[in-house]
Each structure stands twice: as C-alpha cells, then as structure tokens.
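Notes for the one structure printed next.
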Amino acid sequence: MSQQKQAFTLIELLVVVLITGILVAVAVPQYQNAVQRSQYATIKNLTKSVANAQEVFYLANGEYADNFEKLDITLSGYNEDKSTEAKLVFPWGNCETGATGQILCYYRFPDFGVQYQIACAHSTANVNGVSTAGKTMCIGDGDDNSKRSHLCQRETGKTGPDLRGGGYTVYFF
C-alpha cells in the first residue's frame, strides 16, 4: 500500500483567496452603509427629542430655551461641549439649539456631512425669507448630484429640493 500525501494545490488556494476578497469587497461597504444609517437615525431621533423638549419649554415659558441645560431632557451618551451649553458634540457630529426654536444636527459621514434640522412650531427661523416654522428639513449643498443631496433625496423621497439659496438646498420631510 502506498501512502499518498493530500494537500491543496496552489490554484485551489488562489481561488479561495479570490472568493474571500470578493466577499470582503462587497460586505465592507454594506457594513459601513449600515453603520452610517444607524448613526443618521440616531441624529434624527435626537433632533426630534430636543424639538419636543423645546416645545414643552415654550408652552411653559412663552419662549424657546437657548441651551440644552434648560430643557427637561436627559442627553446621556453625548459629550457636551462645555464652552457653550447650546451645543452637543459627539464623535460623528454635533447638535445646536437656540432661542429661535430651531434645532440643527450635523452628521459627518467619512467623506461628507449633512444637516438634519427641525424648526419648532413657533420658530422664527427662515430660509431666504420663507418661514420654516414647524418643518423638518434635510439640508444638502447646491449641487443636486452631490452625496449630500442624494442622501437628502433618499431620506425625503424627493427628486429635487424645496428651497435653494446660498450654496445649499433644503428638502422638507
């Protein structure tokens, strides 16, 4: 009886490495997209929570709070910027609020950023003279083909902006 050694050939190993490389090339971008969508959803939920807290403050005081500390909301998990109480900072973005009743959160993707904004019901905020009171917005840049605008279009389901001005576009939800 002769003993035969069994081993993988170089071709078999190369095929396995090639298939693994293709799977990684497909899986990593999908994973990154899932992480980005999750973080953007967190920004949206945070903005909505702050807007609700601003409305409660407005009903109780007749004006909007100019910082987060005045609001009846716990913002745990965020590294508050101590230079101003009107700004929250976290690794992939920040949020600001003020007495105008406008809450703006900025999300930084690895290669671009986008703004998610809510103007409370009694807000004095406007874009090019158009009141945005009671509106929820995604703000992209002036180019309809940019990554920012594509994200806003995907999020709002619109093919074009509702307002333009100053190098940016506004998409209403």
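Values quoted throughout were computed directly from the atomic coordinates according to the rules given, and no laboratory measurement underlies them. Source: prediction; values computed, not measured. Backbone-built Cβ (ideal geometry, glycine too); neighbour counts: all protein chains shown.
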* To do: Could you sort 161-169, 32-40 so that the peptide with the highest average Cβ count within 10 Å comes first and the rest follow in order?
  => 161-169, 32-40
* To do: Please work out how much length the chain gains when fully extended from A27 to H122, using 0.36 nm per residue of separation minus the C-alpha to C-alpha distance, in nm with one decimal.
  => 29.7 nm
* Lys pairs, the chain - Cα-Cα below 18 angstrom, 8 or more residues apart or on other chains -> 10
* Asked: Quick one: helix 147-156 against the long Cα principal axis of the chain, what's the angle to the nearest 10°, folded into 0 to 90?
  -> 70
* To do: Mind jotting down the three principal axis lengths of the stretch 97-166 based on Cα atoms? Whole angstrom, largest first.
  => 32, 23, 22
* Structure fact -> Of every Cα-Cα pair in the stretch 1-147, the percentage lying beyond 28 Å is 39
* To do: Compute the acute angle (0 to 90°) between the alpha-carbon long axis of helix 10-61 and the principal axis of greatest extent of the alpha-carbon atoms of the chain; round to the nearest 10°.
  => 10
